[in-house]
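Here the structure is laid out as structure tokens; the discussion comes afterwards.
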Amino acid sequence: MDQPNSEQLLHSEAAKYGITADVIDRAVSVIAAVQRRDRADFRKNFGGELTPDRWLAAYGVSGFRELCTLAAQQAGLGDDGDLIMRIVSAIAPLPEQHADDRPVQFWARPLTAPEEAAFPAYRVIYEDSQADASPGFDWSGALLRRALREAIERAQGAACLEEATGVVVFTDGNLRGAYVARPAPAHAQAACARCGQWEREHTLHERFGSCPQFVASPARLEVVPVP
């Protein structure tokens, strides 16, 4: 007898909870669409493939639960994200193994030094459940490290790092929400030879402490045509 395929396993697992095939298909399509988007972003920024285990690691347990809750809502199942999690987890394949893979870390750890935020550029979003969603802004890695250093050294905030993804989450002073900085190396710009921040970030030097004047690196000066 042929082994059931993944779709049949999904429908069978959903039926145990009284959920019809079309309803669970709608819920899973939401998760699949998000995964396709994230994998496309990963290919654009990193030039590689985002494996399912690393994709899950990027979300963590709480993040994946929120995604499952959204999927449940879209499928007409209310806010029961835990139910979708149970069904999907029951039929999910084992994590892919690669010779050069580090163990998947589902939980972030405290960031011990700003230098651990080592990417040249980050997409930073301020998240606050009681405020409108932030569109996000590109930051140089130098600006993020400077902000982390100030927040940590002045005991104004705390920061954590997801080793599997490079995502940094930190708080700043008395702000209610948190900053989420996702690596975006493809967004890097020419950096200042003195402080490492981008030219447009020098207008923020009073807050973040960058040097007051942008200084181009010698390599950049060499390619500027002489009139």
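Side notes on the structure shown:
- Single unsatisfied condition, residue 197 versus (1) surrounded by fewer than 15 Cβ atoms within 10 Å (Cβ to Cβ); (2) modelled with pLDDT of 90 or more; (3) not hydrophobic (A, V, I, L, M, F, W, C): (1)
- In segment 112-153, the residues that are among the hydroxyl-bearing types (Ser, Thr, Tyr) and surrounded by fewer than 16 Cβ atoms within 10 Å (Cβ to Cβ): 112, 129, 134
- Of the listed requirements (1) part of a loop (DSSP other than H, G, I, E, B); (2) within 21 Å of residue 151 (Cβ to Cβ); (3) modelled with pLDDT of 85 or more, residue 214 misses just one: (2).
- Residue list for segment 110-130, restricted to those being modelled with pLDDT under 80 and more than 17 Å from the chain's Cα centre (by Cα): 129, 130
Conditions (1) at pLDDT below 85; (2) within 26 Å of residue 213 (Cα to Cα), marked per residue:
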site: 132; (1), (2): yes, no
site: 136; (1), (2): yes, yes
site: 141; (1), (2): no, yes
site: 147; (1), (2): no, yes
site: 157; (1), (2): yes, no
site: 160; (1), (2): no, no
site: 163; (1), (2): yes, no
site: 168; (1), (2): no, no
site: 192; (1), (2): no, yes
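The values are calculated or read from the model by the stated rules, or taken from the named source; none is laboratory data. This is a predicted model, so every value here is computed, not measured. All Cβ positions, glycine included, derive from the backbone under ideal geometry; neighbour counts span all protein chains shown.
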